[in-house]
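The values are calculated or read from the model by the stated rules, or taken from the named source; none is laboratory data. Note that the structure is predicted; figures quoted are calculated from it, not measured. Ideal geometry is used to build each Cβ from the backbone, glycine not excepted, and the neighbour counts take in all protein chains shown. Note: accessible area is taken over every heavy atom of the protein model, side chains too, but ligands, DNA and RNA are not part of it. Shrake-Rupley method; radii C 1.70, N 1.55, O 1.52, S 1.80 Å.
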Amino acid sequence: MSTAGGLLRVLLVDDVADIRTVLRMALRMRGGFEVVGEAATGSEAVRRAAELQPDLVVLDLALPDLAGRDVLTGVRERAPASKIVVFTGSDPNDEGWVASQAEGYVVKDAEISHLIDILEVVARPRSDEYVLELPADLASAGRARRFLWASLGGQLGSDLYDDAALVVSELVTNAVTHARSECRLLLSLTPASLRISVADSGPGTPEPQPHSAVREHGRGLQLVGGIATAWGIDTDTSGGKVVWAEVSRATSTV
């Protein structure tokens, strides 16, 4: 599907012309991409996707003529080989369903560079391992969840993605909130399971807390333990640690 020069062919879909302009310029500056078409409505997006068969579709779900589900389904049906990254104003209400239809999503308050990072992740050949460096910031949990989606959403299915997203969010939140540390997320996929590891350099190790109706914190590992088939903590001599959990691909909670 790529051009002879190896550029990734991109269709931009957004009803705001200024946003399409910013995206087009950012992709040109990053290099490796060619914007081959644009659309401002859902019906136009479906028609252009069928006509162009692009490598990547950057898709806003809040279009004036079609509901988000309808336009996403239409683009997927008319251009089945295209990778779709949703670029929207807020988190989708039904992440599991959108994850089964799109390869990634980015909210519009994120940096444009993050969107382009996700496009590059989506476009690269599939691997068995995916790594993301994250700052000591509460927003890192959302970034980690979107990275999970972009890296593996199409391979996990909606139920397993929902379980994995919860584990990723809890482990990353634990690292930045309690360890107060930058962290590294590692996703390792095998035929049997998905292993999620979060490494940080903070002191101490997390401990599961007893259930409490009033305690707001400390229940993350209880949630992880209820989903994962196994989890653990590996420490090293430098004072850092790796908290990991494995989610079975054979079964997942609903």
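Descriptive notes on the structure:
- Cross-chain or 6+ apart pairs with Cβ under 8 Å, the stretch 128-155 first and under 13 Å from A110 (Cβ atoms), then of a type in the set (D, E, K, R): G142/D91; A150/E103
- Condition check for V167: of a type in the set (V, I, T), at pLDDT 85 or above, farther than 20 Å from G89 by Cα and not in a strand (DSSP E or B): yes
- Of the residues making up the stretch 112-144, those that are open to solvent by 40 Å² or more (accessible area, probe 1.4 Å) and either of a type in the set (S, T, Y) or touching a Ser or Thr at 6+ places or on another chain (Cβ under 8 Å) (or both) are S113, S127, D128, E129, A136, L138.
- Residues in the stretch 193-237 that are assigned to a loop (DSSP other than H, G, I, E, B), open to solvent by 60 Å² or more (accessible area, probe 1.4 Å) and either modelled with pLDDT of 80 or more or on the phi > 0 side of the Ramachandran plot (or both): S201, T229.
- Where strands (runs of 3 or more DSSP E) sit wholly within the stretch 81-163, those with at least 3 residues that are of a type in the set (V, I, T) and under 13 Å from the mean Cα position of the chain (by Cα) occupy 83-88.
- Residue that is farthest from the chain's Cα centre (by Cα), among those in the stretch 172-185 that are open to solvent by 10 Å² or more (accessible area, probe 1.4 Å) and within 25 Å of K108 (Cα to Cα): T177
- So V22, is it outside any loop (DSSP other than H, G, I, E, B) and open to solvent by less than 60 Å² (accessible area, probe 1.4 Å): no
- V71 modelled with pLDDT of 90 or more and under 13 Å from the mean Cα position of the chain (by Cα): no
- Number of the condition not met by D70 [criteria: (1) assigned to a strand (DSSP E or B); (2) open to solvent by 60 Å² or more (accessible area, probe 1.4 Å); (3) in contact with a helix residue (DSSP H, G or I) (Cβ under 7 Å, 6 or more places away or on another chain)]: (1)
- Output for the stretch 178-205, where each listed residue is touching a residue at least 40 places away in the same chain (Cβ under 8 Å) and of a type outside the set (A, V, I, L, M, F, W, C): R180, S181, E182, R184, S188, T190, P191, S193, R195, S197, D200
- Any hit, the stretch 26-33, residues being farther than 17 Å from V98 by Cα, touching a Phe, Trp or Tyr at 6+ places or on another chain (Cβ under 7 Å) and modelled with pLDDT under 95: no
- Residue match in the stretch 90-102 (condition: farther than 30 Å from V176 by Cα, surrounded by fewer than 21 Cβ atoms within 10 Å (Cβ to Cβ) and touching a Ser or Thr at 6+ places or on another chain (Cβ under 8 Å)): yes
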